[in-house]
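Heads up: the structure comes next, in C-alpha cells.
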C-alpha cells in the first residue's frame, strides 16, 4: 500500500547536484524553509546544515518520488543508494529510512543529549556576540524578565565580580568622570516623586524595615567616600 508523502532532494543551486535526500509529508516548500531555518539558527551540527551554510544561495528542492508504493522509508533508502551509486556526494550520514526525531524514540534527556544541546547553544551564543539588539527586542526581553522573583538557587549561581574586576570597574568609572564622559548631575526630581518617596520612607520606618540609626562603621565609610569624591573633583 502506498504511503502518502514525498521523497525529496536538496540540490546545489549552482551545479544542480543533489546533496541530500529526505522524506516528508509536508509541502516541499515548507520542508525547505525548515531546513534553511535550522541551518541559519546554528543549533544543529548536522553535515547537511554545514553544507547549506556554505552555499552562496539557498538550495533548490526537487521531488524524487511521490507516494512510494513500498513506503517512505524503503523509498528513501533506495534513492540514497541509487544517487550514491551515481556519484552524488550526499550529505546524508546514514543509509536513510530511520526515525531521525529523538522525541519519536524517547522523551528522556540523556547526559549525552544534554551535553550536545549545551554545546550547540554555546556555539549559538558565541555567534551572537557583538550583535546589536533592537529597542523592541530589548523591551520584549525586559517584559518577560520584569517582576520575576530570584530563587535561592539562581542567586547562588549568579556570577560575582572578583576584587580585581571590581578594581577595574572602579578605575573605569573614575576615568569616565575625569574625562567628562559621565557626570554626577542628576535630573531634577518632581514634587510628585518626592511625595511618593516620602510616603514610602515613612511607611518603611513605621513597619520597622528602615532605621534612622547609623552605626559608627557606616559613618566612617560615608566619610571616606565623601573625602575621595572631593579629591577627585579637585
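We did not get these values from a lab; they are worked out from the coordinates using the rules stated. Small disclaimer: the values here were computed from a predicted structure and weren't measured. Here Cβ is always computed from backbone atoms with ideal geometry, including for glycine, and neighbour counts include all displayed protein chains.
When 21, 173 are ordered from fewest to most other Cβ atoms inside 10 Å of their Cβ, what list results? Don't jump to the answer; show the numbers that get you there.
Working: 21 26, 173 12.
Taking fewest neighbouring Cβ atoms as first place, the list is 173, 21.
Among 51, 150, which comes first, then next, by fewest other beta-carbon atoms within 10 Å? Walk me through the numbers on the way to the answer.
Details: 51 18, 150 8.
Ascending Cβ contact count within 10 Å gives the list 150, 51.
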Could you check the simple spin-label distance between residue 224 and residue 155, using points 7 Å along Cα→Cβ, in nm with one decimal? 2.5
I'd like to compare 85-96, 8-19: which one has the highest average count of other Cβ atoms within 10 Å, and what's the full order after that? 8-19, 85-96
Could you sort the peptides 23-34, 134-145 by per-residue average Cβ neighbour count (10 Å cutoff), highest mean leading? 23-34, 134-145
quick shape note, the stretch 6-100: Cα extents on principal axes in Å, largest first -> 35, 28, 20
Ordered by fewest other Cβ atoms within 10 Å, a rough proxy for footprinting exposure, 64, 201 read 201, 64
